[in-house]
Each structure stands twice: as structure tokens, then as C-alpha cells.
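The values are calculated or read from the model by the stated rules, or taken from the named source; none is laboratory data. Just so you know, these numbers come straight off a predicted model, no measurement behind them. Here the Cβ is made from the backbone with ideal geometry for all residues, glycine too, and neighbour counts use every protein chain on show.
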Amino acid sequence: MARNLLGIRQLSTDEIGELIKTAAEYKARIEANKPVPEIKNKVIGMLFFENSTRTRMSFEQAAHYLKLKTANFVASGSSMSKGETLKDTVLTLRYERLSGLVMRHRQSGAPTLAARFFGGPVLNAGDGRHEHPTQALGDGLTIIERKGQIEGLKVAIVGDVEHSRVARSDAWLLSKCGAEVRLVGPRTLIPQNTSLLPGTVFHELSAGLADVDVIICLRLQRERMEEGSLSSLNEYAKLYQVNRETLRYAKPDVLIMHPGPINRGIEVDDTAADGESSAITAQVENGIFVRMAALHWVFAGEHQA
Ligand code: NCD
């Protein structure tokens, strides 16, 4: 059986640890100009049905370092524009002899469906509001680099948790690794049923940020919102923006993170995003190394079968 990376929820703490450790090793090797283990004679399909800057580029960079070939799939230029279903598209790619798929889709669960029909490894690059496992692994690596470990940290995930796959994958990873997770935001942007998600809910920013070691800011995903989820951007920013003032609630050495893309002046201000406490650019860079580890991990699973 092929090994897929569809979500953090299904991974054990040991598997998460192994993936992050491998990513850190690849990073050290690349920074020292040393060779990394390659994945030769394989071609991975890159299926991005939703826009992406960071995730797509870092999967491309990861493949480049591993000497793994990528084949780009452009949904608008494919037979899907002629009505072909996702199932038939995936089956076609399977018989085109692709070795694996990296897939982003607006529908939660689409990569899981793809894995069923493709048979080979499928890596979820973000599906709807479900999961974004490689983002969470990169965030885990970044926290370990800056804070030494995840266990015992207080982490606030702030903003539009309802529409965020990053929030869900981060919450799973952090709680599995022993952090205290807080979900902070207005009632309309926190999932109704939080029993399905690890973390304690806070609706007041001051209480949610009190004494935290890490703040993960989230973008307001207006493209996924229903009417009425948000009264006004100004009001949201006034109540929930992470900025010079509100950072005072957190620990003095708090780490500020954001998966990007950032809406500056809304969920976060320039001081918080660009200051010394910010790890936002490190998150981007670490995205490459965790995706290298993830690609090795799914293909290694294939050899064992
Ligand atoms: C996020 C995504 O697409 O889930 N970005 C990312 O991959 N780094 C978050 C977002 O779109 O706000």
C-alpha cells in the first residue's frame, strides 16, 4: 500500500517527530552544501485547483533538491474544463504513470478521494477547511528551532479558525506534541463544534494571548465566508489584531507566526509581522525542507509495501 500524507490527525506523535527531524537534517545538509538523498526516476503530478504561492513553490523547490521531476497540471487548461470528473482525471494521471500527486483543492476531502483512485502516494497541499499537513510540519520545525521544543508551550491560534485548514493541522500537531492550544477569535469565526478540534476557545484577545509563547495569526478567508460572518474589517482589526499593543498580553519573548498570505493592517500590523519576534520568513523557508521530508516519507512507504 502506498503511504499518503492527507492530514496530521492520522499521524502518530512519533511519525510527526520523524518527519520534522528528517526535515531538520535536510536543512542542515543543504545549508552546508552537502548532498541529500535523491528520489530519481519518479515524476510527481502537481495539482493545484486553488491558488498558491508558498506551498506550490516550496514543493517545486523540494522536488528540485531531491532530483524528483514534477509535472504541472493546470485545471483550466485540462479536460476538466470539458466536464471530466475528479475521479476520471485522477485515474487518467494514474495510467499516465505518474508516481505520486501533490494536490490542493477547495473541497475538504478531495485528496482523500484522489488517493483512493490514484493508488499511489498523494500529498495534501491544503483541502478546503480540512487540513494542510505540510504547513503544520513546517510550523512545528520553526517552533522547535526558535523555542527548543513544542512540549509545554502555550500557543494561541488567532483569527478565522472556522475557515482555516492551517489552524486545524496546527492544532492537531501542537496538541499531539504536548503544547497547550488556544483557539482565539469571534464567535462567528470559531467552529461550532470544537469537540472535533483540540484546544480551548477564547473570544477575548487579552485572555487568549495571556502568557502565550507562540501566536499563530490567521488570514480572514473572505472567499470562504458566508454573509454575516464578519461585521466589518475595522471592527475585527480593533478587537483581534496582533500588534504592538496587544502583544503586551503575551510573554515578552513570544514568537509570532503567520502561514501567509498576510493581510497587513487587518489580522497583524507591520511591527508584529516584521519585528524580531516574527518567524514568518523562517516558516516559508522551512516549508521547503518539510516537503522534502514528506516526499521521502510517502515514497519510502511505497518501498516497504
Ligand atoms: C494558507 C492556505 O492556503 O491554507 N496558506 C498557505 O498555504 N501558506 C492560508 C491562507 O490561505 O490564508
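Tabulated values for the structure
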item	result
Flag if residue 33 is more than 27 Å from residue 178 (Cα to Cα) and either within 16 Å of the ligand (Cβ to nearest atom) or in contact (Cβ under 8 Å) with a residue 40 or more places away in the chain (or both)	no
Filter result for residue 233 (closer than 20 Å to residue 155 by Cα and either within 16 Å of the ligand (Cβ to nearest atom) or not basic (Lys, Arg) (or both))	no
Criterion: within 22 Å of the chain's Cα centre (by Cα), modelled with pLDDT of 95 or more and not β-branched (Val, Ile, Thr) - qualifying residue of 180, 204	180
Residue among 256, 288 that is outside any helix (DSSP H, G or I), among the β-branched types (Val, Ile, Thr) and in contact (Cβ under 8 Å) with a residue 40 or more places away in the chain	256
Residue within the stretch 291-305 that is in a loop (DSSP other than H, G, I, E, B), over 30 Å from residue 40 (Cβ atoms) and out of contact with any Lys or Arg (no Cβ under 6 Å at 6 or more places or on another chain) present	no
Pair list, Cβ < 9 Å and 6+ apart or interchain, from the stretch 156-168 residues that are more than 12 Å from the ligand (Cβ to nearest atom) to residues that are assigned to a helix (DSSP H, G or I) and among the aromatic types (Phe, Trp, Tyr)	158/240
Neighbours by Cβ (under 7 Å, 6+ apart or cross-chain): first from the stretch 49-73, at negative phi and within 12 Å of the ligand (Cβ to nearest atom); second among the small types (Gly, Ala, Ser) and in a loop (DSSP other than H, G, I, E, B)	54/260
Qualifying position, being over 12 Å from the mean Cα position of the chain (by Cα), within 14 Å of the ligand (Cβ to nearest atom) and modelled with pLDDT of 95 or more, among 125, 110, 136, 115	110
Listing of strands (runs of 3 or more DSSP E) fully contained in the stretch 130-240 that carry 1 or more residues being among the acidic types (Asp, Glu) and surrounded by fewer than 24 Cβ atoms within 10 Å (Cβ to Cβ)	180-184
